[in-house]
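One structure is given below, encoded as structure tokens.
Bear in mind these aren't lab numbers, they're just calculated from the coordinates by the rules spelled out. Only a predicted model underlies this, so the values are computations on that prediction, with no experimental measurement involved. Methodologically, a virtual Cβ is constructed for each residue, glycine included, from the backbone with ideal geometry; neighbour enumeration extends over all protein chains shown.
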Amino acid sequence: MNRVRKLFARLRAGHRCGLIAYVTCGDGPTVEIVHALEDAGADAIELGVPFSDPIADGPVIQMAAQRALKNGTNIGDVFAIADEVRTRSDIPLIAFSYLNPVLRYGVDRFADDAATAGIDAVLLTDLPAEAAGEVRPSFRKRRLGSIFLLAPTSSDARIAAVNRVSDDFIYYVSTTGVTGTRNELDPTLLTRLDEVRARVNKPLAVGFGISQHDHYELLKDRCDAIVVGSAIVRAVANGDAAGAPARAAAVVKTVLDRDAPAPLLSPAT
């Protein structure tokens, strides 16, 4: 049982909704940001692999990916970040990528290097469950979990397929469209989330648009974890590099309502 699966077992045993924090690797001092997020209350970290064509992401994460790529960040750097995090932390790490960079790197090589670096699971946003055979056997051989997405539009057949092949949890996309902070969640989310939860036996994490304490309160009894991404990435970009870890941590503390002042953010784009 890897760290991610152990985390969700603990969350369920404690009747607590966890928080998974997303960072774009190479955009800011990533290792320090990860440690600050953990100290602020994040239960797991998604390490975003910067990609030139992130079609599922909104402009905040797209721009972060461009900055990271301009800094020369590649998959090897992502593994180096994970390896350095592991010198101080046992927090679950999930590599968050698109399929193309993994295929270019080589699936077996990616799996080997990810496992060696201390990564626990991999989420490939554009890999459908029906094509899991392209990577899942290689990942499982290295004890890496494979995480798959469900959306509000997912059919019963897709729900069943994802429930079958997603190893540690299922990532439920809260709304159609791309990532990005939102003031209000889709009003149909709770009903649809309850419907999906009745059809799966894997833990559910809800992401896309989660950025406020009210969102956490609304979802905490209906899922096993929330995912906060764009709000953290935007906070990282909204100032100098030295202050990025504290700004990222403030987002997590605000969502969890841990008496932290909300970070000063530029208007959403």
Inset, instruction - Give me the compactness ratio for the chain, meaning the Cα radius of gyration over 2.2 N^0.38 Å. - result: 0.91
Legend entry - Top positive-direction residue, dipole computed over the chain with Cβ charges, set Y171, M63, V228: Y171
Inset, instruction - Go through segment 209-226 residue by residue and turn each phi into a ³J(HN,Hα) via Karplus (6.51, -1.76, 1.60, θ = phi - 60°); whole Hz please, and just put x for glycine and proline. - result: x, 7, 8, 10, 4, 4, 5, 4, 4, 5, 9, 4, 9, 10, 8, 8, 7, 10
Legend entry - Amide hydrogen neighbours beyond the local backbone of S146, cut-off 5 Å, H modeled: V122, D167, D168
Legend entry - Binned Cα-Cα distance frequencies in segment 106-160 - 10 Å width, integer %: 24, 50, 21, 6
Inset, instruction - Assign unit charges at the C-beta atoms only (+1 for Lys and Arg, -1 for Asp and Glu), then state the dipole size of the chain relative to its Cα centre in Debye, rounded to the nearest 20. - result: 580
Inset, instruction - Would you please put 117-123, 131-137 in order of how densely packed they are, using the mean number of other Cβ atoms within 10 angstrom per residue and starting with the highest? - result: 117-123, 131-137
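Lys and Arg at +1, Asp and Glu at -1: add these up for the other residues within a Cβ distance under 10 Å of R142 and post the number.
On the way: positive: R140, K141, R143; negative: D108, D112, D113.
With Lys, Arg at +1 and Asp, Glu at -1, the net is 0.
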Inset, instruction - Could you please rank C25, C17, placing first whichever residue has the fewest other Cβ atoms within 10 Å of its Cβ? - result: C17, C25
Legend entry - Highest-fluctuation residue, H213, H35, H15 considered, GNM on the chain with Cα pairs under 10 Å: H15
Inset, instruction - Calculate the spin-label point distance for R142 paired with D126, positioning each point 7 Å from the Cα along the beta-carbon direction, and give it in nanometres. - result: 2.1
Inset, instruction - Provide the net charge surrounding A65, with neighbours chosen by a C-beta distance below 11 Å and charges set as Lys +1, Arg +1, Asp -1, Glu -1. - result: -1
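Students often check this: by mean Cβ neighbours within 10 Å, which of 190-201, 66-77 ranks highest, and how do the rest follow?
Values: 190-201: 14.3, 66-77: 16.1.
By packing density, highest mean first, the sequence is 66-77, 190-201.
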Inset, instruction - Please list 110-116, 214-220 highest first by mean number of surrounding beta-carbon atoms within 10 Å per residue. - result: 110-116, 214-220
Legend entry - Eligible lysines near K141 by straight Cα distance, threshold 25 Å, same-chain separation 8 or greater: K6, K202
Legend entry - Computed E for D257/R88 - FRET, C-beta separation, R0 22 angstrom, nearest 0.05: 0.25
Legend entry - Estimated 222 nm signal from helices in the chain, with DSSP H stretches of n ≥ 4 weighted -39500 (n - 2.57), rounded to 500: -12500 deg cm²/dmol
